[in-house]
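I have placed the structure first, in the form of structure tokens, so that the comments after it can refer back to it.
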Amino acid sequence: MNPTRPMLMIALMSLLACQPQDDRQAAAQAQAAQAEREQAAQAMAAKFEAAIGEGNWRLAKGYAEVLQTDYPSSAAAARVRPRLDEVRAKAEAQAQQQRLAALWSYAEQPVGKDGQQRSASIYSKEPVDTDGSGAHPVRLIFRDHPAWGRSAYLVLQAGDFDCYKGCRLTVTLDGKAHVLPGLRPKTDEAIAMFIEDWKGLWRLARSGQTLAITFPTRAVGRKTAVFEVGGLDPVRMPGWPQG
């Protein structure tokens, strides 16, 4: 009899005896890992729900996409998945609104002893060639001055308006055209032209997305400046029409 055979038999029996225990340990480890992943997915889903509750759609979108990427087979990912398209759309709309709001600048400064001047201003979406030398930004300003009252006007960096005796301006809001009166005051302090119906322009600016103003210049004829006005915050201009 081969003297090594009994030793081989003993080793094989030991291996067979250990295998079920090893399988149980592996199964337990896999189950624990799965439970850990589910717990992490649930925590991410909780953050997702909290972001929605706070109205932070961009953050909610981020949490939802992490769930789908890192924990695609989790119950939390399955629960969130049907809402993902809606959340993405709202996140995109929120990002766009934040971008539009950032285009506006608001300022307050003291005037005299007790007065306060407030203004809201925005630059044109694209620069405009107003004198033949090249394109420059055009600025739209709404101003509330304690002595001069409320006004709306355009400011050029180059060239001049051809509106010293008054002119008619074509103002287009989201494709619908309006006509408002303009006037270039006889002053050299700034290259500015007032839109005399400031109420009408303010009403248009706070009720649409894209405002285009076509105005006459002295050097290159009529030009158009386009403003993305959808982020205007009327509350920043107290006393102006809010409704």
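Where a number appears in this text, it was derived from the coordinates with a stated rule and is not lab data. All figures in this text were calculated on a predicted structure; none of them were measured in a lab. Methodologically, a virtual Cβ is constructed for each residue, glycine included, from the backbone with ideal geometry; neighbour enumeration extends over all protein chains shown.
Which length gain, in nm to one decimal place, applies between N56 and K165 when the Cα-Cα distance is subtracted from 0.36 nm times their residue separation?
Computed gain between N56 and K165 is 34.2 nm.
The residues packed around A192, meaning those with a beta-carbon under 13 Å from its beta-carbon, carry a net charge of 0 if Lys and Arg are +1 and Asp and Glu are -1. Estimated from helices alone, the mean residue ellipticity of the chain at 222 nm is -13500 deg cm²/dmol (sum of -39500 (n - 2.57) over DSSP H runs with n ≥ 4, per residue).
For the chain, the longest principal axis of the alpha carbon atoms and the long axis of helix 5-53 meet at an angle near 20°. Relative to the current alpha-carbon distance between V226 and A107, full extension at 0.36 nm per residue lengthens the span by 40.7 nm. Each peptide in 57-69, 106-118, 171-183 was scored by the mean count of other Cβ atoms within 10 Å over its residues; highest first, the order is 57-69, 171-183, 106-118. Rounded to the nearest 10 degrees, the inclination of helix 84-102 to the longest alpha-carbon principal axis of the chain is 30 degrees. Within the shell defined by Cβ-Cβ distances under 15 Å, the residues around D144 carry a net charge of +3, with Lys and Arg each +1 and Asp and Glu each -1.
With a Förster radius of 35 Å applied to the C-beta separation of R81 and Q209, the computed FRET efficiency comes to 0.65.
With the simple spin-label model, which puts each label point 7 Å out from Cα in the Cβ direction, the T69 to E92 separation comes to 1.9 nm. Taking every C-alpha pair closer than 8 Å and separated by at least 6 residues, the mean separation divided by the residue count of the chain gives a relative contact order of 14 percent.
Between E49 and V235, what FRET efficiency follows from the Cβ-Cβ distance if R0 is 41 Å, with the result rounded to 0.05? With R0 = 41 Å, the Cβ-Cβ based efficiency is 0.90.
For the chain, the longest principal axis of the alpha carbon atoms and the long axis of helix 57-70 meet at an angle near 20°. Please give me the summed charge of the neighbours of A219: other residues whose Cβ is under 15 Å from its Cβ, Lys and Arg +1, Asp and Glu -1. Local charge sum for A219: 0.
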